[in-house]
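The values are calculated or read from the model by the stated rules, or taken from the named source; none is laboratory data. Here the structure is a predicted model, which means the values were calculated and not measured. Here Cβ is always computed from backbone atoms with ideal geometry, including for glycine, and neighbour counts include all displayed protein chains.
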Amino acid sequence: MQNTEYNFEIIVVDNNSTSIDTLKSEFQSINWLSNEILNPYVSRNLGIEKALGEFIGLLDAKCKPSPTWLQTGLTKLKRGSISIIAGAYNVIPATSSGKDLVYGLLYLNNQKNVLKGYGVTTGNLLIRKSVFTEIGLFNRKFVSGNDIEWTQRALKSGYKIIYFPETSVEYAGQSFDQMCDSVKKYMTGITAQNGSTLQHISSIFKYLLPMRIKNFKEALQYRNLDKLSWKNKCYLWLLVWNMKSRMALAYAQNLIK
């Protein structure tokens, strides 16, 4: 439920699920759309094209927005010249196992991404629809990484992305084992963002090297994990390096396939 004074529509784009008929009958006010192409960017584009409002809020299926997500986000967007808001992800670990904290340390830190001028993920994003009119929709060529490409395209076109933690969502994180299975797919889209040989070599080394201690401490603090014991912190740091090494390998494999 959203506590808001604004009128809004909810559009759900289903990626060929087999068991949503009950949901459709229960939530008849939702605009249910279907996309048989198993590509999240095709689904997002379809929803954006069908949306009637001046503003677009994008949420992944795994997101649970805070009750004031829409109210605080739209109020912020309606002030001044703000066009894109990146909210906070409160990552919920897949299990109580320490190794499953790695997902939150490596991914979905919009605070860092906005501060450093990186692209951001679009699982929690509020945008003026006119931005899509000017710079286009998501690239449907790849199934991963194109949210980063789109937001980088917006930055290059002169749009500013602000981080606004009040528009927060709960997000179900992947387990370490799930990350091992999905890393190759994830890196497919990341690899596609770079063009020159030098960029590719630089990126492989970036992923191959361990996370800097300073950055690791900042990630722990951002996820409220800075009170962990030194033993657990060392364990996590090694696991993060392990996953980064897997990213580097997947990156190299994508280049030579």
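Name every residue in the range 1-58 that is touching a strand residue (DSSP E or B) at 6+ places or on another chain (Cβ under 8 Å), among the hydroxyl-bearing types (Ser, Thr, Tyr) and either free of Cβ contacts under 8 Å to residues at least 24 places away in the same chain or more than 17 Å from Leu126 (Cα to Cα) (or both), in order of residue number.
Listed by number, the list holds a single entry, Ser34.
Restricting to the range 169-208, and then to whatever is of a type in the set (Val, Ile, Thr) and assigned to a helix (DSSP H, G or I), can you tell me which residue is surrounded by the fewest Cβ atoms within 10 Å (Cβ to Cβ)?
Restricting attention to the range 169-208, the residues satisfying the condition of being of a type in the set (Val, Ile, Thr) are 169, 183, 188, 190-191, 197, 201, 204.
Now narrow it down to the ones that are assigned to a helix (DSSP H, G or I): 183, 188, 190-191, 197, 201, 204.
Details: Val183: 18, Thr188: 18, Ile190: 19, Thr191: 21, Thr197: 9, Ile201: 13, Ile204: 18.
Only one residue fits best here, namely Thr197.
Would a scan of the range 187-196 turn up a residue that is within 15 Å of Leu108 (Cα to Cα), among the β-branched types (Val, Ile, Thr) and modelled with pLDDT under 95?
Yes.
Going by the structure shown, is Thr72 of a type in the set (Val, Ile, Thr) and more than 28 Å from Ile135 (Cα to Cα)? Can you show your working first?
Values: of a type in the set (Val, Ile, Thr): yes; more than 28 Å from Ile135 (Cα to Cα): no.
So Thr72 fails the test.
Out of the residues in the range 79-111 meeting the condition of being in contact with a strand residue (DSSP E or B) (Cβ under 8 Å, 6 or more places away or on another chain) and farther than 26 Å from Gln174 by Cβ, tell me which one is surrounded by the most Cβ atoms within 10 Å (Cβ to Cβ).
It comes out as Ser83.
Out of the residues in the range 32-41 meeting the condition of being more than 10 Å from Asn146 (Cβ to Cβ) and not acidic (Asp, Glu), tell me which one is surrounded by the fewest Cβ atoms within 10 Å (Cβ to Cβ).
Leu38
With the requirement that a residue be in contact (Cβ under 8 Å) with a residue 24 or more places away in the chain and part of a helix (DSSP H, G or I), what does the range 214-241 give you? Explain how you work it out, then say what you get.
Of all residues in the range 214-241, those in contact (Cβ under 8 Å) with a residue 24 or more places away in the chain come to 216, 218-220, 222-223, 225, 232, 235-237, 239-241.
Listed by number, the residues that qualify are Phe216, Glu218, Ala219, Leu220, Tyr222, Asn232, Tyr235, Leu236, Trp237, Leu239, Val240, Trp241.
All but one of (1) of a type in the set (Lys, Arg); (2) at pLDDT 95 or above; (3) loosely packed, with under 14 Cβ neighbours inside 10 Å hold for Lys257; which doesn't?
(2)
As an exercise: evaluate Leu52 against (1) part of a loop (DSSP other than H, G, I, E, B); (2) over 20 Å from Gly136 (Cβ atoms) and give the number of the one condition it does not meet.
(2)
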